[in-house]
1. Being among the basic types (K, R) and in contact with a helix residue (DSSP H, G or I) (Cβ under 7 Å, 6 or more places away or on another chain), is that true of even one residue in segment 80-101?
2. Scan segment 65-74 for residues that are loosely packed, with under 13 Cβ neighbours inside 10 Å and touching a helix residue (DSSP H, G or I) at 6+ places or on another chain (Cβ under 9 Å) and report the count.
3. Those residues that are without any contact (Cβ under 8 Å) to a residue 40 or more places away in the chain and open to solvent by 50 Å² or more (accessible area, probe 1.4 Å), I need them from segment 129-141; list them, please.
4. Being among the aliphatic types (A, V, I, L, M) and in a loop (DSSP other than H, G, I, E, B) is true for just one of L143, L132, L106. Which residue is that?
5. Being charged (D, E, K, R), surrounded by 11 or more Cβ atoms within 10 Å (Cβ to Cβ) and part of a loop (DSSP other than H, G, I, E, B) is the filter here, so list the residues in segment 75-84 that pass it.
6. I'd like to check which helices (runs of 4 or more DSSP H) are fully inside segment 7-74 and have at least 1 residues that are closer than 30 Å to V112 by Cα.
7. Among the residues of segment 6-13, are any among the β-branched types (V, I, T), modelled with pLDDT of 90 or more and within 20 Å of the chain's Cα centre (by Cα)?
8. Within segment 92-107, which residues are open to solvent by 60 Å² or more (accessible area, probe 1.4 Å) and modelled with pLDDT under 95?
Amino acid sequence: LGLQPKSAARWVNEELEDWARLAVEGHQQARRPWVDYHEHARDPLARLVGALPHEVVAMNSLTVNLHLMMASFYRPSGDRTRIVIEDSAFPSDSYAVESQAIHHGLAPGETVVRLRPRPGEDNLRTEDVLDLLEREGRHVALLLLGGVNYLTGQLMDMPAITKAGRAA
């Protein structure tokens, strides 16, 4: 998110030229064939997350991946329909959870629970998240919190929150 690398424009233009010239054949015949693009990121991603190369894959954007995971795993049922998300979540993450509620015929204003810091504070308190899960956990179908908030940089206590989420 800093200055554009000097080579970025050239690389993007090369990809656009290959797309214009080759269309779908670019998957196999582009200067950098697209069909196995994800494999180029495998080793660096594995090192980044402390996994083995065969345990990771690069695909889509974060929001697309969130949609895919929610489409697979968000199963509102009975009173357990709520989606809990931090109020300062990345905007497209907020749109994703709202669209999931709508997809299931639910009203986002009633379904999506937006966690906010206490008045006068900038960050969520772990105890407030845990308290919400203890009080309202029987209604929560999905808890979507980033380990680090993109806006504030707050590091969330994910082990404690995960434990409370599982208990709920």
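The values are calculated or read from the model by the stated rules, or taken from the named source; none is laboratory data. Everything quoted here is computed from the prediction, not taken from an experiment. Don't worry about glycine lacking a Cβ; one is built from the backbone with ideal geometry, like all the others, and counts go over all protein chains shown. SASA here: full protein model, heavy atoms, side chains in, ligands and nucleic acids out. Shrake-Rupley method; radii C 1.70, N 1.55, O 1.52, S 1.80 Å.
1. First, pick out the residues of segment 80-101 that are among the basic types (K, R): 80, 82.
Then keep just the ones that are in contact with a helix residue (DSSP H, G or I) (Cβ under 7 Å, 6 or more places away or on another chain); that gives 80, 82.
Yes, there is a match, as at least one residue in segment 80-101 is among the basic types (K, R) and in contact with a helix residue (DSSP H, G or I) (Cβ under 7 Å, 6 or more places away or on another chain).
2. 1
3. Correct list: L130, D131, E134, R135.
4. On the way: L143 fails: in a loop (DSSP other than H, G, I, E, B); L132 fails: in a loop (DSSP other than H, G, I, E, B).
Result of the check over L143, L132, L106: L106.
5. Filtering segment 75-84 down to residues charged (D, E, K, R) leaves 75, 79-80, 82.
If we keep only those that are surrounded by 11 or more Cβ atoms within 10 Å (Cβ to Cβ) as well, we get 75, 80, 82.
Across segment 75-84, the qualifying residue is only R75.
6. Numbers: elements: 8-22, 26-29, 37-40, 42-49, 62-73.
The qualifying helices (runs of 4 or more DSSP H) are 42-49, 62-73.
7. no
8. Here is the first cut: in segment 92-107, the residues open to solvent by 60 Å² or more (accessible area, probe 1.4 Å) are 95, 98, 102-105.
Within segment 92-107, Y95 is the sole residue that qualifies.
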